[in-house]
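Below: the structure, in structure tokens.
The values are calculated or read from the model by the stated rules, or taken from the named source; none is laboratory data. Model, not experiment: these values are computed from the prediction. Cβ placement follows ideal geometry from the backbone for every residue including glycine, while neighbour counts extend to all protein chains displayed.
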Amino acid sequence: MDLFANLLLGFGEAISPMNLLYCFLGVLLGTAIGVLPGLGPLATISMLLPLTYALGPLPALIMLAGIYYGAQYGGSTTAILVNLPGESSSVVTAIDGYQMARKGRAGAALAIAALASVFAGTVSTAVVAAFSPALSEVALTFGSVEYFSLMVLGLIAAVILASGTLSKAIGMVLVGLMLGCIGIDVSSGISRYTFDVLELGSGLEFVAIAMGLFAFADIVRNVGDKADAPTRLHAITSLWPNRQEMRDAAPAAVRGTLLGSLLGILPGGGAAISSFSAYTLEKRISKRPETFGHGAVAGVAGPEAANNAAAQTSFIPMLTLGIPSNGVMALMMGAMMIHNIAPGPQVINSNPTLFWGLVTSMWIGNVMLILLNLPLVGIWVKLISVPYRFLYPAILMFCIIGLYSIQNQIFEIIVAAVFGAVGYFLIRMRCEPAPLLLGFILGPMLEEHLRRALLLSRGDATVFITHPISAVLLGISVLLLLTVLLPGIRRKREQVFAEEDT
Amino acid sequence: MLRTFLRNPDGQSAIFFILVGTAGLYFGRDLPFGSLRQMGAGFFPVCIGVLLIGIGMLVAVQAFRFEAEAMPKPDWRALFAITAAVVIAALLMASVGIVIAIPAMVAIAALSAGRPRIAAILGTASGLTFMAWAIFIFGLGLRIPVLEF
């Protein structure tokens, strides 16, 4: 069968000593930075992205994928031990994980989170391997008309699933699209919004935007409160869950994996929404729902499996369609473009070693995660207790040097500083910054496909609804928007995010 | 009325969106618009600008309709200190190198909160400078000025 031949090809690539090393380094660095309170995958990836510029495309992607799982798992560790979730996907883990820690079961909670994650990672990597080729085949028949509509759908779905007010999330996407216009227009060669600044000719650097919005803005917000606050930790006694805990965790992990794999594929889906849905599901079907919130094992295993599964399957739309479904995938896509690989359906055929190497290394990365995390948990605990006043200068230093190394110039650092300040106000205005990044990455492509579609149709804008696939995609977009605007679902959505906030 | 609008997260977002949209239209006013058949460089940005102003107005309506939540004052001290630390470190890094830039960054950033502690600043500064050298210059071989005049 083709799949096995492909997987074999991938393994051949992924287990080369150098690629294994980069996978290991990625998982290690990702975990090390991800456990630091307040640093989620987005901040961690943008911070470490410049480190991968010097590598080849495959090692760079392998390392970044490793950083992503590492950061995600690191966030769960922090959530369990100190009740400080680094990002939205580990908010749910904090609820029952921290309660387990308070009861002296911190080690068991960590082990369950790790085992559930690895199980989910294994299954969902298989999902990626099985579904991507088929989806690529379909996507290869797409023309500019379909692509435009697909991107619109992707952006709308991402906006709907983003937490916060819908209109503001749409606004943020539009701001991102506007920022994406900066630079020389590819088809006419005319400079747009460059104000005669030479460095703006090639457009804003997306890493600079990401670091500003996710790392700098976060420091400004937190430094006042956290600079002197000591971190309290719960001791880890035994790492092994007992038999009863295992029995509770196993089915929850399976359900979480299925749910997460499904939600990860959807445009706009991702780790956060999956872990929350998994928690709700576990609570609903549990025989003892009253234990949730007081250290229910299923409340750790389900969401952890779901968020890891979603983390893997959210690669599917990015790798096969070239549509990032969330902020992390937007960063991954940016990283691919830096290495001159245009993400899309052609990657799987034109660059099979890259594609299958990445897929297999996802699984290897997950196995490394458990090998690394359980024995080294003592080190991570020490990292968590580093006071913030030492931490934030280190983050600044990493970001500044990383930004400088992109082009060996300081322009990117200044851009990041500006976005840091803007980002601080955006956080205060309750505007989620991730949709901005999505808009920024997709903007130039959206414009190009729109232009090409209209050129081919000789200026006839109805092509978007006369082409069947495009019409269906746009129809789904409209439907999605309508469902959110209808009062019943709207209330439910607000309730979901309100629970997530607490 | 206006006061509550300006202190409301939605009100501020509305102003932000309308400002970005207007700036896009204003600074893009000379870009050729083209036609549907031959989109010019100005076509896309103008559409986005118009949509942004529209969304901004929608958010403004929401800001008036819903009860305003109390917004804490911005932490101007942290904002200025962190931004200044980054910008000054960037300028120093390009001109004299990281041996000066990183300690300067640590010292300026320390003004962002609490009472700066000299010993902690010196320790962090020297530790981070060494780390930067060890990881980026010695380890990764990046070409970053270390110390030059």
The range B:23-44: number of residues that are under 28 Å from the mean Cα position of the chain (by Cα) and among the aliphatic types (A, V, I, L, M): 4
Give the range A:197-213 a look and list any residue that's under 26 Å from B:Leu79 (Cα atoms) and surrounded by fewer than 18 Cβ atoms within 10 Å (Cβ to Cβ), or say none. A:Val197, A:Glu199
Where residues in the range B:31-57 are without any contact (Cβ under 8 Å) to a residue 12 or more places away in the chain and buried (at least 19 other Cβ atoms within 10 Å of the Cβ), which of them is nearest to B:Pro116 (Cα to Cα)? B:Phe44
Taking the range B:112-129 and the residues there that are more than 8 Å from every other protein chain (Cβ to nearest Cβ) and not in a helix (DSSP H, G or I), the one that is surrounded by the fewest Cβ atoms within 10 Å (Cβ to Cβ) would be B:Arg115
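Looking only at helices (runs of 4 or more DSSP H) that lie completely in the range A:365-441, which have at least 3 residues being at the interface with chain B (Cβ under 8 Å from one of its Cβ atoms) and modelled with pLDDT of 90 or more?
Values: elements: A:377-384, A:388-407, A:411-428.
Hits in the range A:365-441: A:388-407, A:411-428.
Would you check if A:Ser76 is hydroxyl-bearing (Ser, Thr, Tyr), in contact with a Gly (Cβ under 8 Å, 6 or more places away or on another chain) and either within 22 Å of A:Arg221 (Cβ to Cβ) or surrounded by 24 or more Cβ atoms within 10 Å (Cβ to Cβ) (or both)?
On the way: hydroxyl-bearing (Ser, Thr, Tyr): yes; in contact with a Gly (Cβ under 8 Å, 6 or more places away or on another chain): yes; either within 22 Å of A:Arg221 (Cβ to Cβ) or surrounded by 24 or more Cβ atoms within 10 Å (Cβ to Cβ) (or both): yes.
So A:Ser76 passes the test.
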I'm trying to understand the selection: among the residues of the range A:12-26, which are in contact with a Pro (Cβ under 7 Å, 6 or more places away or on another chain) and surrounded by 14 or more Cβ atoms within 10 Å (Cβ to Cβ)? A:Asn19, A:Tyr22
I'd like the full set of residues that are of a type in the set (Val, Ile, Thr) and either in contact with a His (Cβ under 6 Å, 6 or more places away or on another chain) or closer than 13 Å to A:Leu426 by Cβ (or both), limited to the range B:1-37. B:Ile15, B:Val20
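Surrounded by 23 or more Cβ atoms within 10 Å (Cβ to Cβ) and out of contact with any Gly (no Cβ under 6 Å at 6 or more places or on another chain): does that describe A:Ile427? Working first, answer last.
On the way: surrounded by 23 or more Cβ atoms within 10 Å (Cβ to Cβ): no; out of contact with any Gly (no Cβ under 6 Å at 6 or more places or on another chain): yes.
No: the conditions fail for A:Ile427.
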Within the range A:95-114, can one find any residue that is within 23 Å of A:Leu8 (Cα to Cα) and in contact with a helix residue (DSSP H, G or I) (Cβ under 6 Å, 6 or more places away or on another chain)? no
Mind telling me which of the residues B:Phe5, B:Phe66, B:Phe43 ends up being out of contact with any Phe, Trp or Tyr (no Cβ under 8 Å at 6 or more places or on another chain) and of a type in the set (Phe, Trp, Tyr)? B:Phe66
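To keep it simple, each residue is scored yes or no on (1) of a type outside the set (S, T, N, Q); (2) outside any loop (DSSP other than H, G, I, E, B); (3) modelled with pLDDT under 85.
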position: A:Ala79; (1), (2), (3): yes, yes, yes
position: A:Ala94; (1), (2), (3): yes, yes, yes
position: A:Gly104; (1), (2), (3): yes, no, yes
position: A:Thr122; (1), (2), (3): no, yes, no
position: A:Ala129; (1), (2), (3): yes, yes, no
position: A:Ser136; (1), (2), (3): no, yes, no
position: A:Glu146; (1), (2), (3): yes, yes, no
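Just to be sure, is B:Ile88 of a type outside the set (S, T, N, Q), closer than 30 Å to A:Leu455 by Cβ and under 25 Å from the mean Cα position of the chain (by Cα)?
Numbers: of a type outside the set (S, T, N, Q): yes; closer than 30 Å to A:Leu455 by Cβ: no; under 25 Å from the mean Cα position of the chain (by Cα): yes.
For B:Ile88, the condition - of a type outside the set (S, T, N, Q), closer than 30 Å to A:Leu455 by Cβ and under 25 Å from the mean Cα position of the chain (by Cα) - is not met.
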Over the range A:449-470, the set of residues surrounded by 18 or more Cβ atoms within 10 Å (Cβ to Cβ) and more than 8 Å from every other protein chain (Cβ to nearest Cβ) is A:His449, A:Ala453, A:Ser457, A:Val463, A:Phe464, A:His467, A:Ser470
Which of the residues spanning the range A:5-56 are among the β-branched types (Val, Ile, Thr) and over 19 Å from A:Ala210 (Cα atoms)? A:Ile15, A:Val27, A:Thr31, A:Val35
Among A:Gly201, A:Gly171, A:Gly107, which is without any contact (Cβ under 8 Å) to a residue 40 or more places away in the chain and touching a Ser or Thr at 6+ places or on another chain (Cβ under 7 Å)? A:Gly201
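Determine, yes or no, whether A:Gly224 is assigned to a helix (DSSP H, G or I), modelled with pLDDT of 90 or more and either facing chain B (nearest Cβ under 7 Å) or buried (at least 19 other Cβ atoms within 10 Å of the Cβ) (or both). So that I can check it myself, show each step before the final result.
On the way: assigned to a helix (DSSP H, G or I): yes; modelled with pLDDT of 90 or more: no; either facing chain B (nearest Cβ under 7 Å) or buried (at least 19 other Cβ atoms within 10 Å of the Cβ) (or both): yes.
No.
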Would you check if there is a residue in the range B:59-67 being β-branched (Val, Ile, Thr) and surrounded by 16 or more Cβ atoms within 10 Å (Cβ to Cβ)? yes
Which numbered condition trips up B:Pro145, out of (1) part of a loop (DSSP other than H, G, I, E, B); (2) surrounded by fewer than 17 Cβ atoms within 10 Å (Cβ to Cβ); (3) in contact with a helix residue (DSSP H, G or I) (Cβ under 8 Å, 6 or more places away or on another chain); (4) more than 9 Å from chain A (Cβ to nearest Cβ)? (2)
